[in-house]
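Some notes on the structure that comes next.
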Amino acid sequence: MSIQWFPGHMHLTRKAIEERVKGIDVVVEMLDARLPGSSANPLLADLTHGKPTLKVLNKQDLADAERTANWLAHYNAQRATRAIALDAGMGTPARAIIAACHELAPERGGMVKPMRVLICGIPNVGKSTLINTLKGKRAAKTGDEAGITRTEQRIVLADDFYLYDTPGVLWPRIIVPESGANLAASGAVGRNAYDDQEVALDLLGRLKADYPQLLEERYRLGLDAQAISQAHEEELLGAIGRKRGALAAGGVVNLQKAAELVIADFRSGALGRITLETPEDFGVWLAAGRKADAERQARRKEERAARRRT
Ligand code: G4P
């Protein structure tokens, strides 16, 4: 699926993170638990290379608990990495974050060597909400517009624990088409960057394969799981539109309205707890994406060489 995505000002964010990361002990990378692989920014891994990292799988209330457990195990098996799952409904997220950071950097702590942590995440992952909870008051701006910029702030979680908010905006970088679709479905990508119907059809493709029963429970299509998984996405979108009264003049289904409805139901959790990718899925997509990228680069190099010869 094609995403018209032109991230701006990434070079400023890169410079700011590069500067800040020097005096940091642990990087807290916030991910969307419904799409952990796709909501990671590969730039961050480059910039913070070697720094212990805490992966926070946020919005776990919206994600499939079994898949969240798989992702946590996947990350916890990586070097210098810990992973925890959180959501905005949890009363005291600070405790879990502080404990995990101390595991990652046991030499830090006390007034002489306070723990210094940098928190990063792509827009809409829930960073402002978490920071507000950590601060105990609604001071950081939250909103659903992808990419509200804010200046850097330091939050004192304990006398010897400082949390720095990333300066600038860390946009997602879309390496593989599947990630583009998942990011668009989650709301991490601005609305003008994608087509609602394409996103809804991709989403239905995934849901019919992995969560057919949730589709039936929500939309009462009168189909069993097998029939749903065998139906075409277009057919499902049409049936959902008819069922939910998304109709245009003459009683034809308004597919745009139906698409918006499916996307909204996914984002709000009305469809149930869903995770769009497993570590295995993402590994396959990434390998294919990197291969295609390498082939593209090689082709370009060859074309340039051919032009020079003529
Ligand atoms: P950001 O700073 O990373 O860009 O994200 P922000 O905190 O603004 O959160 C983006 C949206 O995600 C907000 O919803 C917020 O309420 C919601 N959110 C944050 N954390 C969680 C969570 O753990 N679970 C769930 N279910 N939602 C979460 P919104 O509709 O854009 O705004 P509003 O309804 O809060 O006003």
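The values are calculated or read from the model by the stated rules, or taken from the named source; none is laboratory data. These figures come from a predicted structure and were not determined experimentally. Please note: Cβ atoms are built from the backbone with ideal geometry, for glycine as well, and neighbour counts cover all protein chains shown. Just the protein is used for accessible areas: all its heavy atoms, side chains included, with ligands, DNA and RNA removed. Shrake-Rupley method; radii C 1.70, N 1.55, O 1.52, S 1.80 Å.
Brief remarks follow.
- Evaluating G110 against the criteria (1) in contact (Cβ under 8 Å) with a residue 24 or more places away in the chain; (2) in contact with a strand residue (DSSP E or B) (Cβ under 8 Å, 6 or more places away or on another chain); (3) not aromatic (F, W, Y) leaves one unmet condition, (2).
- For region 79-104, the set of residues classified as more than 16 Å from the ligand (Cβ to nearest atom) and within 19 Å of the chain's Cα centre (by Cα) consists of T81, R82, listed by residue number.
- Considering region 73-107, the residues that are touching a residue at least 40 places away in the same chain (Cβ under 8 Å) and assigned to a helix (DSSP H, G or I) include one that is nearest to A63 (Cα to Cα), namely H74.
- Checking each residue in region 242-262 for being within 21 Å of R191 (Cα to Cα) and part of a helix (DSSP H, G or I) picks out L255, Q256, K257, A258, A259, E260, L261, V262.
- For first residues located in region 185-208 and in the same structural domain as H232 (by TED's automatic domain parsing) and among the β-branched types (V, I, T), partners that are assigned to a helix (DSSP H, G or I) and within 16 Å of the ligand (Cβ to nearest atom) and lie 6+ apart or on another chain with Cβ distances below 9 Å form the pairs V199/A184; V199/A185; V199/I263.
- Those residues of region 22-41 which are more than 21 Å from N70 (Cβ to Cβ) and open to solvent by 10 Å² or more (accessible area, probe 1.4 Å), in sequence order: K22, G23, D25
- Within region 174-196, the set of residues being open to solvent by 60 Å² or more (accessible area, probe 1.4 Å) and either of a type outside the set (V, I, T) or within 19 Å of A258 (Cα to Cα) (or both) comprises P177, E178, R191, N192, D195.
- Number of the exception - D224 against (1) acidic (D, E); (2) crowded, with 19+ Cβ neighbours inside 10 Å; (3) more than 15 Å from L276 (Cα to Cα): (2)
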